[in-house]
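What follows is one structure encoded as structure tokens, with my remarks underneath.
Every number in this text was worked out from the coordinates using simple rules, so none of it is lab data. For clarity, every value in this text was computed on a predicted model and none was experimentally measured. No Cβ is skipped: glycine too gets one built from the backbone with ideal geometry, and neighbour counts run over all protein chains shown.
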Amino acid sequence: MSKKKSLSRQMRIVHRYLGFFLTGIMAVYAISGMVMIFRETDFLKHEVIVEQQLDPGLTGGELSPKLRMGVKVEKTEGDVLYFDQGKYNVRTGLATVRKMELPLIISKMERLHKATTNSPVYFLNLFFGLSLLFFVISSFWMFLPSTLIFKKGIYFTIGGVVLTLILVFI
């Protein structure tokens, strides 16, 4: 019996201090996650004009990989190709592109949120994911299974799992 209490106590202690430690990163993921919902809109974004020197003589199809964006030429006037986000001078190679960007701090948060194995901080994402998984598991050691709070918690858990499954399969 004392071993069971000891494990329960240890889980609560680790849960508590890991929660305090991860408060900042949880806020970053919460904010950036909410902002990412609007990533296909211009919500919170501001316009930035970027001039980029490319090789002269490129065609519309060759512009897409160079500018790292989808380029569909809408019209041509003399040496200038016009597309939705800007223009490209075939003779000089100068591309002028209009981009919509998030404010710097939110952009940095979003980049952290979307980190891949190519990012130098991907291990942070793995640690954070494992920590969240620990929170899920350790939350069942917060209260004794015989208590009313634990039993109600199980009902909320079932409800949350059902809602999650519905959202995943919609």
Yes/no for LEU124 being under 30 Å from SER8 (Cα atoms) and hydrophobic (A, V, I, L, M, F, W, C): yes
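Results for (1) under 30 Å from the mean Cα position of the chain (by Cα); (2) in contact (Cβ under 8 Å) with a residue 12 or more places away in the chain, shown as yes or no for each residue.
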{"residue": "PRO56", "(1), (2)": "no, yes"}
{"residue": "VAL71", "(1), (2)": "yes, yes"}
{"residue": "LYS75", "(1), (2)": "no, no"}
{"residue": "ASP79", "(1), (2)": "no, yes"}
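Residues in segment 135-150 that are within 21 Å of the chain's Cα centre (by Cα) and surrounded by 11 or more Cβ atoms within 10 Å (Cβ to Cβ): how many? If you could, list the steps in order and put the result at the bottom.
Of the residues in segment 135-150, the ones within 21 Å of the chain's Cα centre (by Cα) are 135-136.
Among the residues that remain, those that are also surrounded by 11 or more Cβ atoms within 10 Å (Cβ to Cβ) are: 135.
Summing the residues that are within 21 Å of the chain's Cα centre (by Cα) and surrounded by 11 or more Cβ atoms within 10 Å (Cβ to Cβ) in segment 135-150 gives 1.
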Residues satisfying the stated conditions in segment 82-130, i.e. surrounded by fewer than 17 Cβ atoms within 10 Å (Cβ to Cβ), outside any loop (DSSP other than H, G, I, E, B) and among the hydroxyl-bearing types (Ser, Thr, Tyr): TYR82, THR96, SER107, TYR122
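Look at segment 28-49 and say how many of its residues are in contact with a helix residue (DSSP H, G or I) (Cβ under 9 Å, 6 or more places away or on another chain) and either exposed (fewer than 15 other Cβ atoms within 10 Å of the Cβ) or under 30 Å from LYS66 (Cβ atoms) (or both).
Restricting attention to segment 28-49, the residues satisfying the condition of being in contact with a helix residue (DSSP H, G or I) (Cβ under 9 Å, 6 or more places away or on another chain) are 28-29, 31-33, 35-36, 39, 43-44.
Adding the requirement that they be either exposed (fewer than 15 other Cβ atoms within 10 Å of the Cβ) or under 30 Å from LYS66 (Cβ atoms) (or both) leaves 32-33, 35-36, 39, 43-44.
Residues meeting the conditions: 7.
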Residue within segment 151-161 that is surrounded by 13 or more Cβ atoms within 10 Å (Cβ to Cβ) and either closer than 24 Å to HIS15 by Cα or of a type outside the set (Ser, Thr, Tyr) (or both) present: yes
Pair list, Cβ < 9 Å and 6+ apart or interchain, from segment 119-134 residues that are more than 15 Å from TYR17 (Cβ to Cβ) to residues that are in a helix (DSSP H, G or I) and basic (Lys, Arg): SER119/ARG111
Enumeration of residues in segment 50-74 that are more than 25 Å from LEU102 (Cβ to Cβ) and out of contact with any helix residue (DSSP H, G or I) (no Cβ under 6 Å at 6 or more places or on another chain): GLN53, ASP55, PRO56, GLY57, LEU58, THR59, GLY60, GLY61, GLU62, GLU74
